[in-house]
Every structure is written in structure tokens, then in C-alpha cells.
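See below for the structure under consideration.
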Amino acid sequence: MRSDLVGILSIHGTALHGLGFDARAVVTREAWRDCAADLQMAGARFFDITAIDRGDSVEVILVLIDPPATHFSLRASCPNEDLRLDTLSDIFPPAEWGEREVFDLFGVEFDGNPDMTRILQPESSTIFPLRRSFVLEQRPW
Amino acid sequence: MVNFARGGVEGSTETMLVNIGPQHPSTHGVLHIMTELAGETVVTAKPVIGYLHRGIEKLAEQRTWQQNLVLCDRLDYVAQFSNEWAYCRAVEKLAGISVPERAEYLRTLLGELNRITSHLIWYAGVTMDIGALGTPFIYAWVAREKIFDFYENVTGARMMPNWMRIGGVRCDIDAALLADMREFLVSDFPKECDVYEALLTGNEIVVSRMKGVGAFTVEELTDWGVTGPALRASGSPLDLRRDAPYGVYDKLDFEVCSDGAGDSLARARVRLREIRESAKMCVQIIDMLPEGEIQTKIPRALKPPEGDVCVRTESPRGELGILVASDGSAKPLRFRVRSPIFYNLSAMPHMLPGHLLADMLVIFGGIDTSMGEIDR
Amino acid sequence: MGLVDDAEQPGFVTTTLDKLLRWGRSRSMWPVNAGIACCSLEMMTTGAARYDFDRFGIMFRSSPRQADVMIVPGPITKKMAPIVLRVYNQMAEPRWVIAMGSCAISGGTFVDSYNVLPGCDTILPVDVYIPGCPPRPEALLYGCLQLRKLISETSMIGSSRKTLYVPPVLPPEWSAELLAEYGAGDQPGYADVTTSAPEVVEAAYHSADAPVAADGPAAPDVQEAGDDEV
Ligand code: SF4
């Protein structure tokens, strides 16, 4: 991990935990966008944006690459009552689709994303399937 | 402002809306692209996906860690072994399981053979899209069938092998089969490759159709999140097999295929060269293959410790990431697939504008879609 | 193919002609080139040199208008269902459906999913089921030969009409326009061109052609057609 990226993380009030495949930094929702923008300026490359339902909150995970080989993740958690986060789609263009997918499957809305619509499920769908509260139907047999 | 529902630019009659797909022979599956055309030139393009969304990520949360291998096969059904391998690596990292050396070699061998068959499908598809109906397609299937016979002899299934296991592989490969495969890769396969190259990069019509079409720089592509052969065709040397080796790639002698031109022809050349490189790697692996165990003992009810890891691998289409999270139980808490083509496709709205409609399919062929992995 | 449409008491000429038609149709099945999921790769393999579909007169057509067999090679998701149904209704009569692979038969591996229909026979009338995941190319060939037998054994007298197929259960989450296109599903089966008021079904037929629902009064008309028949 390059030292300037570590420095940026500490400016935004966080630090890197874990090593290798598990390196992560947790930021507040307010610092989410600024931190990502600074990391982008310092040369971090977008890899993925996704989320995990932790029960009472949804943890949004941004996986970034420190070129060429290592990667780390930036995490912010949204409480169930207020599932929104600032968009990164103008910082990392591919994040637009990634955020749409998180919205489609988890219901987290990204403020400022130009096209906050369902991407995988049909428009008429009303469910957020990857939430824990959504339970698949049991087979009748 | 484009209003796709109304059919074009609002209040204007100059542009025309054309829907391509979801049932269209050159979208390689069920992809839908809404394009807005001014004459023949694409003004905006918007891919619509989700027609094959089967909810694999949710289904994986209902099954045990080992059972999920079945779903991995069906993710990117053109590169089954790559998906299995990526998933196995992720779970092994999470649970701290080590893999016997022979199993690593076998995995790498099948992974590279899989790259060949996957690129052959791309080859058949892209030549069909630009109008060569039949001939290259039939030729591509010759080598593919030979390798598929090998898959079948090794794993028992042609397409859905379910062969890798967490901590190893399911069954060993016969020495006779390996010798047979080696013989094919050394003697017949290079000749097949010559045919492929003659039909694609050696064909004047194809070259004039592809040359200079859709030329992008590394910076643009990196910005749009494109990875894999499409990115390497612009001159980037990024290849996880070299940069962050896994399997036995660090012991192999191979070349990272990149090309400076960045246009559709370069993307084709890179893939054709990768086919040859992969064949060379397979021969090396067969020669170096050590004896030994193929599976470490793991508990039947595998319960990885709490936590989550993200693992990146180089699939034939780009960087495939698998993120698995465990809460300490026998089923995953989260199984996430970072699909390379999902993000490659998200670059389409940036790539297509300004190109002719007929060139659109050429550019589109350059990123080699497989809807199973995009929609999951 | 209205030649033998109204023959209630088929005579010698009609039956001989029917035999000829059956022979011709069973030897030139043209499936529509609709790859959906993994099974479509085995479908392509069957079309390539080693297994060679062409020797049975089976040639893939890219347009549903030219095809008379639909091979469904994969799971039908909720988003795909209206499109598959529309492609089927755009095919020329008489037409047949082959469900290829366990996904198309029952949902297969994805049967538990929230977004997959439990088999394509919930929206299409299936003639041949080919089990397997994916079925081997030989299995697909065998299935096609079974269909050939079926075609050459089924009399076409009085059956070859332009029809709009309405599945028994229309998914409730479909939009109002989509539901109206199929008469809200209250007349399942084939909405027959010759028994309904012709202009009504014609309108329904053309609304199925247009990618965006036509602004004409096609939708309510179909509803009326249903009422008339009752
Ligand atoms: S039956 Fe198997 S191979 Fe066929 S579409 Fe379903 S999962 Fe894929």
C-alpha cells in the first residue's frame, strides 16, 4: 500500500485495517465522497462497488485498486432508516452502474446518480432481494 | 435531453431511435441496446440489461459453501473454470485452506484451456457479427470440440464441469489424457491458430472493417473501468497473471499480450495471440506437472471464520472479482461477483457515440460479452 | 396456409395434400435463433460441423417471422417473459416449442429464485422437453427428431390459422398495456383469427408487432373480442 493513499485515509479520519485481501478502511457517510475523490486523485483505480446487509444497517463497499496489484476497500454504513449515500458516479464513471445495482438489490439510494433506476430487475419490481428481510419462498415439495 | 420512452430527442425529428435486442442474433444473448441515430451515426447508446437476472447472489446465500460451486459454473457459462477457480480461491483465503501443488497445476491447466475455448467463442461471435456467416464459426468449433472432449473425459461433463473443489479438485487427470492433449496442443493446434489468423487478421475485408474502428486510449479505458484483453489492446500491460500471480503462473514462462493500436483490430489480435500463449502455457504445465495429492482434507460442513475477502482473478474477459462474506455459519452471508463484462459494458455509452451503426457491433464484439455474468 | 382451413369432411385431395404438407414441414424445421443462456452454447454446438443440424433440414433463422420452431435454451426471467411470448406470437403458424434444459423445463438450478419463472411452459405451449443441464447435442438432436415425428403425425387440417397465444396465467406484475395486449388473460389459449371479429384480432396482432404499444385502440378491442365470444 502506497504511503500517500494511507495519508489520504488518515486525513479523512480513518485508517487501514487488515492486510492483503482483507485491507479495509471505514469512513463516515459524510467523508465518503471526499475520501473517494482524493483517492482517485492519488491514482487509485475503481474496481467494484457493492454492499452487505448487516442486519440493522447496509454496509456499502467500494473496492479500489492500488495499481497494479493490491486492492483495498472503503466502507460506509447506512442505517436501515436512512438508506442514502452520495454518488461516486462523477468520480468513477463505472460506479454509475454499480450504484444502480446496489439500489436495485439493496435499496440504497445514491444522491446525485443521474439514473437511479432498477438495472437488473424489471421496472415493476417492488422488492430489494438481497436485504435480509427478503426471504425466498420455500419450495412446495 | 433524450427521452427513450418517447422515442428520441424531445421535440426533434432529426434523430431516430433504434432498439437492438433483446432478441437479436448479434447481441450474444439477451442484451438490449437503445440507440439514438442521426442518419447512420450513433448519438447516444444505452444498454439495458437484466434479461437473464436469475438472482444467483441471493440463491448462494441459501446454499452451503460447497454447493455454491454449481452456481459458479452458470455465472459466465463461457468460462466456467475461471469462475469456479475464483470462487474457490476466495473461500480458501477466507477459511485459510491451502491447496496441494498438483491441484494448483491442474487448476491452472484447465483455467488456461478455458481461456482458449472462451476466446474461440468470441472469435465465432465476432466474425459472425461482421458478416462472415458460417466459415470461421465452423472452424472455431473444431478446436473447441477437441478441448471439450478433454473436459468431458476429465470432469464428466462438457459444459458444466463442477470440477474444482474448495481445497483442491474433484478428480485427477490421466497421464494418457494429458499426453493426448499435449500432442494436440503441440502439433494440431498451432495449425488451427494459423487458420484462425488467416481468416480474421489475414482477411483484407475483415481488416478494413476493423482497422481504426473504435480506437481508445489506455487513459480513457481505465477511466471507464474496462479491463482484460480490451484494455491490453490499447497498450496497457495490466494482467493479473503477471502482476499478482496466483495458481502457478509465477512458475510459467509467458508473455502478456498487449498491442498499442487500441482499435478493434488490435483487440482481435490480442485475443488471437492470447490463444497461442495459453496453449504454450498448457504445454509447460503438462511438462512440469508434479505428482501428489489433489485435495486437502476440509470438514464437510465448512464454516469459515467471520469476515469478508475480495479476490481478483484474470478471467478471459477481464478482472473477475469475487467477494465472499461469512458470519461463521455453513452458508455465505454474501456472495458477490464483480463481473468484468458488467463494467466493460457500462463503458458502452462512452464508447459508441460518433461511430456508425454498423461499426457498433464491431466495437461491441471487442469487449466479448456473456450475459450470464452481467446479469447474474 | 388457409388451404385446408374449413374442411370439415376432408376428401382425398385434402388429405393427400395434408400428408405432403406434413412431410414438408417435418423436414424443414427452422428454429428461431434465440440464445437465452448457457444452453444456447450447446445449441450452437449442435449447429456446428460435428453434430450438424443442417442435415435434418434444421436451419437457424434470425427473424421469428421466418421460423416455425422456437428452442427455449435457458431460464425465462420475469423481465424476459413478455419478450419470449412476443417472439413466439410473431412466428408464423404452425409453430412448435422445444424446452431445452432443466431451466426451461422447470426453472432447474434457479427454481428457488425470485426472478425466474418455474419453466417456460407457464407462458408457452411446449411440445418437446429435453432434460439436461445442458442437454448434450445428441439429446437436442434426438429431441428435434421427436418433434419431427410429432409434426409428421399431426394432421394440419383445420389447424393452421393465424393465432395469438394467450398463456393461462399472465404474470400479475405486468404493466397494464402488456396485459391488455393479451386481453388481460381472460381468454387463455389461442385467440383465433377466424372466429373472432377479424379487425379486432388483426389489431391485436399488429400491436404485438410494434415494439412500443401502439397508440390505437387495440387494447380495449381485444377485451371486447373476449366478451363477444362469451
Ligand atoms: S439448464 Fe443448465 S445449462 Fe441450460 S440454461 Fe439452465 S443452467 Fe444453463
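The values are calculated or read from the model by the stated rules, or taken from the named source; none is laboratory data. All of these numbers come straight from a predicted model, not from anything done at the bench. Methodologically, a virtual Cβ is constructed for each residue, glycine included, from the backbone with ideal geometry; neighbour enumeration extends over all protein chains shown. Side chains are part of the model used for accessible areas, which takes the heavy atoms of the whole protein and leaves out ligands, DNA and RNA. Shrake-Rupley method; radii C 1.70, N 1.55, O 1.52, S 1.80 Å.
Odds and ends about this structure:
- With both labels modelled 7 Å from their Cα along Cα-to-Cβ, the B:E101 to A:A42 distance reads 4.0 nm.
- Here the Gaussian network model covers chain B, with springs between Cα atoms less than 10 Å apart; of B:A79, B:A266, B:A124, B:A124 fluctuates the most.
- Heavy-atom accessible area order for B:D188, B:D375, largest first, 1.4 Å probe: B:D188, B:D375
- Alpha carbon centroid spacing (whole Å) that separates region A:50-66 from region B:80-126: 26 Å
- Pairs exceeding a 23 Å alpha-carbon distance, out of B:K58/B:K303; B:K146/B:K191; B:K191/B:K251; B:K46/C:K78; B:K303/C:K78; B:K251/B:K303: B:K191/B:K251; B:K303/C:K78; B:K251/B:K303.
- Amide H contacts of A:H71 (H built 1.01 Å from N, in plane; Pro and chain starts excluded): A:D66 sit under 5 Å, all sequence-distant by 5 or more or on other chains.
- Length-normalised contact order for chain B - Cα pairs under 8 Å, 6+ apart - percent: 26 percent
- Spacing of the modelled spin labels on B:E255 and B:V70, each 7 Å from Cα toward Cβ, amounts to 4.4 nm.
- With θ taken as phi - 60° and the Karplus curve 6.51 cos²θ - 1.76 cosθ + 1.60 applied, the whole-hertz 3J(HN,Hα) list for region A:119-129 is 10, 9, 7, x, 4, 7, 5, 10, 9, 10, x Hz, x standing for glycine and proline.
- The Cα center of region B:310-329 and the Cα center of region A:69-141 differ in position by 18 Å.
- Shown in residue order for region C:17-22 are the 3J(HN,Hα) couplings computed by the Karplus curve 6.51 cos²θ - 1.76 cosθ + 1.60 at θ = phi - 60°: 5, 4, 4, 4, 4, 4 Hz (x for Gly and Pro).
- Share, in percent, of DSSP beta bridges within region C:20-153 that are antiparallel, nearest 5: 10 percent
- Put a dot 7 Å past the Cα of A:V135, heading toward its Cβ, do the same for B:A38, and the two dots end up 5.6 nm apart.
- P(r) tail fraction, chain B - alpha-carbon pairs more than 27 Å apart, %: 49 percent
- Accessible area of B:H350 in the full protein assembly, 1.4 Å probe (Å², nearest 10): 90 Å²
- Helical contribution to [θ] at 222 nm, DSSP H n ≥ 4, -39,500 (n - 2.57), averaged over the protein assembly as shown, rounded to 500: -11500 deg cm²/dmol
- Mean separation of Cα pairs under 8 Å and 6 or more residues apart, divided by the residue count, gives chain A a relative contact order of 19 percent.
- Diffusion constant of region A:3-87 at 20 °C, which comes from Stokes-Einstein with the Kirkwood Cα-pair radius and 1.002 mPa s, µm²/s: 165 µm²/s
- Taking amide H positions as modeled 1.01 Å from N, with prolines and chain starts lacking one, the residues under 5 Å from A:R84 and 5 or more places away or on another chain are A:E109.
- Loop-located GluC sites (Glu not before Pro) in region A:49-141 (DSSP state not H, G, I, E or B) with no more than 13 neighbouring Cβ atoms inside 10 Å: A:E81, A:E123, A:E137.
- Computed over chain A with a Gaussian network model linking Cα atoms closer than 10 Å, the most mobile of A:G43, A:G107, A:G18 is A:G18.
- Of the GluC sites (Glu not before Pro) found in region B:234-298, the ones in coil according to DSSP and having at most 10 other Cβ atoms within 10 Å of their Cβ are B:E291.
- Karplus-based coupling profile of region B:299-315, in residue order and whole Hz: x, 5, 8, 5, 10, x, x, 4, x, 8, 9, 10, 10, 10, 9, 9, 8, with θ = phi - 60° in 6.51 cos²θ - 1.76 cosθ + 1.60 and x standing for Gly or Pro.
- In this structure, the amide hydrogen of A:V26, modeled 1.01 Å from its nitrogen in the peptide plane, lies closer than 5 angstrom to those of A:A15, A:R75, counting only residues at least 5 positions away or on a different chain.
- A:T14, C:T122, ranked by accessible area, largest first (probe 1.4 Å): C:T122, A:T14
- Qualifying trypsin sites (Lys or Arg not before Pro) for region A:1-102 [loop in DSSP, other Cβ within 10 Å: at most 13]: A:R2
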